[in-house]
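Undergrad: First the structure, then my questions, so here it is.
Laboratory data are not the source of any read-out in this text; all were calculated from the coordinates shown. Model, not experiment: these values are computed from the prediction. Every residue, glycine as well, gets a Cβ built from its backbone with ideal geometry; the counts of neighbours run over all protein chains shown.
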Ligand code: PXL
């Protein structure tokens, strides 16, 4: 045991069914050997990506009292990782958490989970995307996909046929918001490979981790990837190492999922947990 075991807080929704947000973040970060506290932003019967008629309870009203209680109890977190938020007001509440329940060297990771494949998820608008860009400005690490990065920087969304100039512009745009490091997923310069691009403030050259590109995408991979990334960083890995570990873990989960047509709603990350644990204990 180290003298001080680190504690992570993750703020995102509970989609009761659907293998995303808190139902993946909690098991994955715990599997990394890290105590994980949660703050649910909303409770949904399922995620919003393909199910019809889901329920949605916004928990914004509960958050100020929860945070006030933690503050009173002098509870602080060594890392705060935010994902899907339930309302625009929650963005300001997260900024407050960064001030009130963070240790002095708290690692602040923002996954602006709000859009993919060129489109906002159900319930979000560009006003929300703008607010989210201000939260990214306070982060140590921002974990956007290309859609989210384009929406927050005002650059056009391109799904293919781009080169490094476009990717660099997106990443510089996120750093210009005030973030210290941006780790961009879904970078595709050729059909065979998918890349994760890493750039920190003051650096000119992007670092990459490329891995095999699967034919189809799986639902929830963004949350699986971000959770493993946070786990690896809290375990002392650099952003590039964390990107590789999280990328390989996510790919293994996708490989365990393909071929099961009934499993369209999520990714079987559970099958890949032994790989993640092994990698972090090497
Ligand atoms: O995986 C991102 C996500 C998280 N939470 C909810 C979602 C989605 C994506 O669709 O609907 C509720």
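Undergrad: With 10 angstrom as the radius, rank 70, 264 by how many other C-beta atoms surround their C-beta, starting from the fewest.
TA: Lowest count first: 264, 70.
Undergrad: If we count other beta carbons within 10 Å of each Cβ, what is the order of 188, 32, fewest first?
TA: Result, fewest neighbours first: 188, 32.
Undergrad: What whole-number distance in Å separates the alpha-carbon centres of region 26-88 and region 238-282?
TA: Cα centroid of region 26-88 versus Cα centroid of region 238-282: 22 Å apart.
Undergrad: Taking N as the number of residues in the chain, what is its alpha-carbon radius of gyration divided by 2.2 N^0.38 Å?
TA: Against the compact-globule rule of thumb, the ratio is 0.93.
Undergrad: When the chain is fully extended, how far beyond the present Cα-Cα distance does residue 75 get from residue 260, taking 0.36 nm per residue of separation?
TA: Contour length minus the Cα-Cα distance gives 62.3 nm.
Undergrad: Relative to 2.2 N^0.38 Å, what does the C-alpha radius of gyration of region 61-202 come to as a ratio? Two decimals please.
TA: In units of the 2.2 N^0.38 Å rule of thumb, it is 1.10.
Undergrad: Only helical DSSP H runs with n ≥ 4 go in: add -39500 (n - 2.57) per run for the chain, normalise by residue count and round the 222 nm mean residue ellipticity to 500 deg cm²/dmol.
TA: The helix-only estimate for the chain comes to -11500 deg cm²/dmol at 222 nm.
Undergrad: Between residue 125 and residue 164, what FRET efficiency comes out of the Förster formula 1/(1 + (r/R0)^6) with R0 = 35 Å and r the beta carbon distance, rounded to 0.05?
TA: Calculated transfer efficiency: 0.70.
Undergrad: What is the gain in length, in nm to one decimal, between residue 157 and residue 88 on full extension, counting 0.36 nm per residue of separation less the C-alpha to C-alpha distance?
TA: Gain on extension, residue 157 to residue 88, equals 22.6 nm.
Undergrad: In the chain, what percentage of the DSSP-assigned beta bridges are antiparallel, given to the nearest 5?
TA: About 45 percent, rounded to the nearest 5.
Undergrad: Which distance in Å, rounded to a whole number, links the C-alpha centroids of region 137-151 and region 209-237?
TA: Here the answer is 15 Å between Cα centres.
Undergrad: Residue 38 to residue 65: extension gain in nm, 0.36 nm per residue of separation minus the Cα-Cα distance?
TA: Net length gain for the segment: 8.3 nm.
Undergrad: What's the FRET efficiency of residue 176 with residue 4 using the Cβ-Cβ distance as r and R₀ = 25 Å, to the nearest 0.05?
TA: After rounding to 0.05, the efficiency reads 0.15.
Undergrad: Moving on to the next point. Could the peptides 97-103, 127-133 be put in order, highest first, of the mean number of other beta-carbon atoms found within 10 Å of their residues?
TA: Per-residue mean Cβ counts within 10 Å order the peptides as 127-133, 97-103.
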